[in-house]
Structures are given as structure tokens and as C-alpha cells.
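What follows is a short report on a single structure.
The values are calculated or read from the model by the stated rules, or taken from the named source; none is laboratory data. Computed from a prediction, not measured in an experiment: that's the story for all the values here. As a convention, Cβ positions derive from the backbone with ideal geometry for all residues, glycine included, and neighbour counts pool all protein chains shown.
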Amino acid sequence: MVYQPLVPPTLKMYKAADVPTLKNWFGSFLDRDEERVVHLENFVRSSPSYEDWIFVANGDSIRMLGDWLAEKIRSIEIGKQSRRDPLTGVEIVPDLSDMSRSLAYDASRLFGRALIALGADVRWGIELDDPKSVNYGQPLLYGFGRAPCNPGMILQNFCTSAMLGRANGVRLRQLFDTWKSMIGGLT
């Protein structure tokens, strides 16, 4: 099966967009949710060892998705490594390709769906009040007390770590379990 990437907006694009554009992007995110989820599920199942994988709203399913995604990202981003700035010692991490960003964005939908299935009050929304917020304009999950969950950012960071060989399905399951434990709580 051929995966058809959907290049999601970057953080810079979210920050630069006006409110009508952000609302349009969010509407498109919601409108295309089912299509993108089915597409990703079929792509996962087209991979050896994942033919029988079925998304279920639980940690084991998220772990398997994380294992598959980490393998896929490492194969796409082969050879990319971080390096240290010689002057500051700060780690410089290469950007993900558009294909990897698209996979992360689509996987974030499944991450979100799993949390929504577990919490009656968990729902998609967007932050439009504070343009300085790191979450500004992005699809977020609300229902965790004061802190919204940003599945897109979680999956982008997971994929960056996977590219560097630092993340696998166990790590994605840990992230999922952390957010699951906060459903309905005050953070």
C-alpha cells in the first residue's frame, strides 16, 4: 500500500496564521479525521508483522502503533543524527521529513481517539486566546484539568526521538498512560 502524506502545518505556520485560517485548518482536521485514520490503519497493516493489528483504545494498541511508527520513522530518516554545537555543546536535532511529519500527525489522531474513548469529557478543541502559547492554533484535547493535551506535539517529539533511536512503543505507551491518568483531573 502506498501512503499518501498530508503535510500538516508547522509550528511557525500556526504562529503566523490568522484566526480564520486556524479555524479552517482545525475544521479540516476534524472533517478528514475518519479518512486519515483509515488510511493510516491500512498502511500499518500493510507492514510485515502488523497485518493483524487493529486499533483499539487501549495502551497495548498504542504501544504497537509506537513500535511500528518508530520502525517506519527510522527507515524513512535513515542516517539522520543529532550533533553537538561545538561552541555551546547544545544538541542540534535534524528536522523530520514531510513524510514523517505526516505519519506523526495521522498517528496523533489515533492517540487522541484512544484518550477520547476513555474519558467522557475529553474532546478536540483549539487554543486561540494566546498567540504566545506553544499550543496556539493546534488541535488539542481538553478534559485533563487545566492542561490540554497536544497529541500532534507528542507524536512529533516521539518521532524525532525515534529517528535518533531513543523511542519505541513502550515510550509512546508511557506517554499515553500519563495522559490517561489525568483524564478529568486537576493538573
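The listed residues are V122, V44, and the only one of them that is aliphatic (A, V, I, L, M), within 26 Å of N168 (Cα to Cα) and touching a strand residue (DSSP E or B) at 6+ places or on another chain (Cβ under 6 Å) turns out to be V122. Scanning the stretch 149-174 for residues that are within 16 Å of A57 (Cα to Cα) and either crowded, with 24+ Cβ neighbours inside 10 Å or of a type in the set (D, E, K, R) (or both) yields P151, L172, R173. Within the stretch 67-94, the residues that satisfy the criterion of being assigned to a loop (DSSP other than H, G, I, E, B), charged (D, E, K, R) and in contact (Cβ under 8 Å) with a residue 40 or more places away in the chain are E77, K80. Which is surrounded by fewer than 17 Cβ atoms within 10 Å (Cβ to Cβ), within 20 Å of Q156 (Cβ to Cβ) and aliphatic (A, V, I, L, M), of V7, V19? When all the criteria are applied, what remains is V7.
Just to check your reading of the model, which residue among S100, S49 is free of Cβ contacts under 8 Å to residues at least 40 places away in the same chain and of a type in the set (S, T, N, Q)? So the residue among S100, S49 that is free of Cβ contacts under 8 Å to residues at least 40 places away in the same chain and of a type in the set (S, T, N, Q) is S49. Checking each residue in the stretch 113-168 for being under 16 Å from P8 (Cβ atoms) and of a type in the set (S, T, Y) picks out Y136, T160. The listed residues are K72, K80, and the only one of them that is modelled with pLDDT under 95 and in contact with a helix residue (DSSP H, G or I) (Cβ under 8 Å, 6 or more places away or on another chain) turns out to be K80.
Here V7 fits the description: out of contact with any Lys or Arg (no Cβ under 6 Å at 6 or more places or on another chain) and in contact (Cβ under 8 Å) with a residue 40 or more places away in the chain.
Residue-by-condition table, conditions (1) within 20 Å of F29 (Cβ to Cβ); (2) in a helix (DSSP H, G or I); (3) in contact (Cβ under 8 Å) with a residue 12 or more places away in the chain:
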position	(1), (2), (3)
L141	yes, no, yes
R146	no, no, yes
Q156	yes, yes, yes
A162	no, yes, yes
R166	no, no, no
L172	no, yes, yes
G184	no, no, yes
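Determine whether R109 is under 22 Å from L69 (Cα atoms) and under 17 Å from the mean Cα position of the chain (by Cα). Judged against the criteria, R109 is a match.
Against the numbered list (1) buried (at least 19 other Cβ atoms within 10 Å of the Cβ); (2) of a type outside the set (D, E); (3) in contact with an Asp or Glu (Cβ under 9 Å, 6 or more places away or on another chain), Y142 comes up short only at (1).
For the stretch 113-130, the set of residues classified as more than 22 Å from E34 (Cα to Cα) and touching a Gly at 6+ places or on another chain (Cβ under 8 Å) consists of E127, L128, listed by residue number.
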